[in-house]
Amino acid sequence: RRTSVDELPQLLNVLRGDMSLVGPRPPLPDEAARYDERELRRLAVRPGLTGLWQVSGRSDLTWQETVRLDLWYVDNWSLAMDLGLLARTVRAVADGRGAY
């Protein structure tokens, strides 16, 4: 889990077009059913393997911090940001902090 190798099967979802490389984490259906109006905005973009949450603390973040980062991503998306997040993800995974 610490090296995020368990995420590799998700690449099949990316290839199928169900997920993106970068975006908010995909919620479980029962989680999404409990979202309030603000949290529902996370679903405005395709879910991703990595995102601001991963390079900003991963499991060390509170739910509210994760939502805030995801909404910032939704509102400010750019290709340059995605490329930067992919590069930062490599460092975050290698470092292993926040992965439990």
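The values are calculated or read from the model by the stated rules, or taken from the named source; none is laboratory data. Because the structure is a prediction, the values reported are computed rather than measured. For neighbour counting, all protein chains shown are included, and Cβ atoms are generated from backbone atoms with ideal geometry for every residue, glycine included.
Filter the range 19-48 down to residues that are aliphatic (A, V, I, L, M), in a loop (DSSP other than H, G, I, E, B) and over 16 Å from Asn76 (Cα atoms) and give me whichever is modelled with the lowest pLDDT.
Restricting attention to the range 19-48, the residues satisfying the condition of being aliphatic (A, V, I, L, M) are 19, 21-22, 28, 32-33, 40, 43-45.
Retained after the next criterion (residues that are in a loop (DSSP other than H, G, I, E, B)): 19, 28, 45.
Keeping just the survivors that are over 16 Å from Asn76 (Cα atoms) gives 19, 28.
Working: Met19: 95, Leu28: 92.
Selected residue: Leu28.
Inside the range 10-33, can you point out the residues that are within 12 Å of Val45 (Cα to Cα), surrounded by 15 or more Cβ atoms within 10 Å (Cβ to Cβ) and not aliphatic (A, V, I, L, M)?
Of the residues in the range 10-33, the ones within 12 Å of Val45 (Cα to Cα) are 18-26.
With surrounded by 15 or more Cβ atoms within 10 Å (Cβ to Cβ) added as a condition, the list becomes 19-26.
Once the filter is applied, which keeps residues that are within 12 Å of Val45 (Cα to Cα), surrounded by 15 or more Cβ atoms within 10 Å (Cβ to Cβ) and not aliphatic (A, V, I, L, M), the range 10-33 yields Ser20, Gly23, Pro24, Arg25, Pro26.
Taking only pairs six or more apart or across chains, which ones have beta-carbon atoms under 9 Å, a first residue in the range 6-26 that is acidic (Asp, Glu), and a second residue that is surrounded by 10 or more Cβ atoms within 10 Å (Cβ to Cβ)?
Correct list of pairs: Glu7/Leu49; Glu7/Thr50; Glu7/Val93; Asp18/Leu12; Asp18/Pro26; Asp18/Arg46; Asp18/Pro47.
Taking the range 43-67 on its own, how many of its residues are free of Cβ contacts under 8 Å to residues at least 24 places away in the same chain and more than 12 Å from the chain's Cα centre (by Cα)?
Qualifying residue count, the range 43-67: 4.
I'd like the residue in the range 58-77 that is aromatic (Phe, Trp, Tyr) and assigned to a helix (DSSP H, G or I) and, out of all such residues, is modelled with the lowest pLDDT. Spell out how you get there, then give the answer.
Taking the range 58-77 and keeping what is aromatic (Phe, Trp, Tyr), we get 63, 72-73, 77.
Pick out the ones that are also assigned to a helix (DSSP H, G or I) and you get 63, 72-73.
Values: Trp63: 92, Trp72: 96, Tyr73: 96.
Among them, the one singled out is Trp63.
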